[in-house]
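The values are calculated or read from the model by the stated rules, or taken from the named source; none is laboratory data. No experiment lies behind these values; they were computed from the predicted model shown. Positions of Cβ are generated from backbone atoms using ideal geometry, with glycine treated the same way; all protein chains shown enter the neighbour counts.
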Amino acid sequence: MKRLSLFFLLISNLVFAGSNFIVNSTGDSPDSVLNGSCSTGATIGGQPECTLRAAIQEANNTTGSLISFNITNGCDVNNICTININTATSRLPDITSQVAINGLTQLGNSSLCGMDIPSRSNYHVVIQGDGVDIGLRLESGSSGSTISGLNIRGFFNNLAIINSSNNTIECNFIGTDETGMQVALNNNSNGIVLGCTATNNIIGGTSASKGNLISGHQVDGIQFYGGFSCNPEFNEPHSNSIVGNFIGTFKDGVTSAGNIYTGVSFFGGVANNNWIGAVSGSNTISPNVISANGTGIYIDSMDNLVIRGNYIGTDVTGTERIGNTYGGIEIVNGTNIEVGNPDSPLFANTIAYNDNGVMLTGASAANNHIERNSMYGNKNQAIEIIRDNSFTNDGQNPNDADDADTGANLLMNTVEILDYQTSYDEFLMTYILDITASIDASDTNAAYPLWITFYSTD
């Protein structure tokens, strides 16, 4: 008898209509026959055995399917059901059709995604790797998929989105154990990878209940790559959003778990118009906590990244000292990077307790805007612009004649304040500060008119 049902399920505002493949086993055997019914050919509890591997194989053979969980055998005394994947023998199939993989259907998981990250109880569906290959991989054909309610750990890369768009990865623990308070073994590279034409994907969500915990990886929490690594070359991940996640802490948001290199990295080619802290093109802020990593956010040779409203080096209160070992944000030859925005105080990032707050280096690092952020308690400079294109802190840059030197953000000279006057406007009922200032920069070395901003420092 076929174990197949038709369903209509609303997940993350997407309606899926198709087959419901119910995983009832912690095993890893493949599907016996691709016939619309998930079965390895064995039985479990008197029913055909359906493993995660077999369910993905069947889901790839249709579209708009749901993979749900009802595992009653093979779990531990706390009802933690661990699916061990031997990727050294055979990694899980790439996901090549639209699917919803919903761990909330497992007994004990149903309420996980109705609460913020610190309030979540143990995850009852664990997908465990052996450190050799990728865990879940969304590839061409899988656009519009959702992965939620899972503890994914112990893979070389725990999750990847390659050449796939409009996917949502929400409410997962990635890289930790099921409690969210211990690092899992064998997270040998990255938590989530977005590569090539990965576009319009959302990692997390605009409510606190949708955020992922992404910690404990030997390389990066989230890594973007494009360019020569893709086929064809110079494809780029763009218009992706990272919102509402804890990246580098344990689930309590204050204890260091770390990602050894970087919380979020962009490298290996171009990656444009991605957003951290807000959904791409939206003014709705959903902050990430990006703390306790090597570097918080590392940006290499990319354009048009928006970073708004995040806590980088601290917790959501801005008081805990859980800084990133090196920079909060490092921009290497990046252009048109927006860190904060003057239009709203909600767009301000809190960047605290790191080595540098924001570091810029490289002759091609130009037209980057760092505005209206709260930066304090960083070991070195709040904003460090390095003169010699290296990664070595060199302190405040001296002014030079005509501003002829070159480097990150053109190594613009600082303003000399010549005079200032204060007055009170009775109509506006506010004080006005008039400043007379000059800057030593010729027309050939600066793009006039100049925009000058002022900061208070700690």
All positions within region 297-312 that are within 29 Å of G227 (Cβ to Cβ), modelled with pLDDT of 95 or more and of a type outside the set (A, V, I, L, M, F, W, C): Y298, R308, G309, N310
Residue in region 138-153 that is modelled with pLDDT of 95 or more, surrounded by fewer than 22 Cβ atoms within 10 Å (Cβ to Cβ), more than 20 Å from the chain's Cα centre (by Cα) and not aliphatic (A, V, I, L, M) present: yes
Top-ranked residue in region 102-121 [being assigned to a helix (DSSP H, G or I) and of a type outside the set (A, V, I, L, M, F, W, C); ranked as nearest to the chain's Cα centre (by Cα)]: P118
Selection count, region 353-378, where residues are part of a loop (DSSP other than H, G, I, E, B), more than 14 Å from G277 (Cβ to Cβ) and free of Cβ contacts under 8 Å to residues at least 40 places away in the same chain: 1
Residue satisfying condition, being under 19 Å from T262 (Cα atoms) and buried (at least 23 other Cβ atoms within 10 Å of the Cβ), within set I337, I370: I337
Candidate set: region 405-434, residues that are part of a loop (DSSP other than H, G, I, E, B) and touching a helix residue (DSSP H, G or I) at 6+ places or on another chain (Cβ under 9 Å); chosen: the one surrounded by the fewest Cβ atoms within 10 Å (Cβ to Cβ): D405
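Residues checked against (1) of a type in the set (S, T, N, Q); (2) in contact with a strand residue (DSSP E or B) (Cβ under 9 Å, 6 or more places away or on another chain):
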site	(1), (2)
G18	no, yes
T26	yes, yes
G36	no, yes
G41	no, yes
I44	no, no
G74	no, yes
A100	no, yes
Options G103, G154, G144, G108: the member that is small (G, A, S) and in contact with a Ser or Thr (Cβ under 7 Å, 6 or more places away or on another chain): G103
Criterion: surrounded by 20 or more Cβ atoms within 10 Å (Cβ to Cβ) and at pLDDT below 95 - qualifying residue of F16, F21: F16
Residue list for region 340-352, restricted to those being of a type outside the set (G, A, S) and either in contact (Cβ under 8 Å) with a residue 60 or more places away in the chain or surrounded by fewer than 21 Cβ atoms within 10 Å (Cβ to Cβ) (or both): P342, D343, P345, L346, F347, N349
Residue within region 373-381 that is surrounded by 14 or more Cβ atoms within 10 Å (Cβ to Cβ) and hydroxyl-bearing (S, T, Y) present: yes
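Kindly provide the set of residues from region 81-110 that are touching a His at 6+ places or on another chain (Cβ under 8 Å) and either surrounded by 20 or more Cβ atoms within 10 Å (Cβ to Cβ) or on the phi > 0 side of the Ramachandran plot (or both), ordered by number.
C81, G103, Q106, G108, N109
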Matching residues, region 42-57, being polar (S, T, N, Q) and part of a loop (DSSP other than H, G, I, E, B): T51
Scan of region 435-453 for residues that are more than 23 Å from G340 (Cα to Cα), touching a strand residue (DSSP E or B) at 6+ places or on another chain (Cβ under 8 Å) and assigned to a loop (DSSP other than H, G, I, E, B), ordered by number: I439, D440
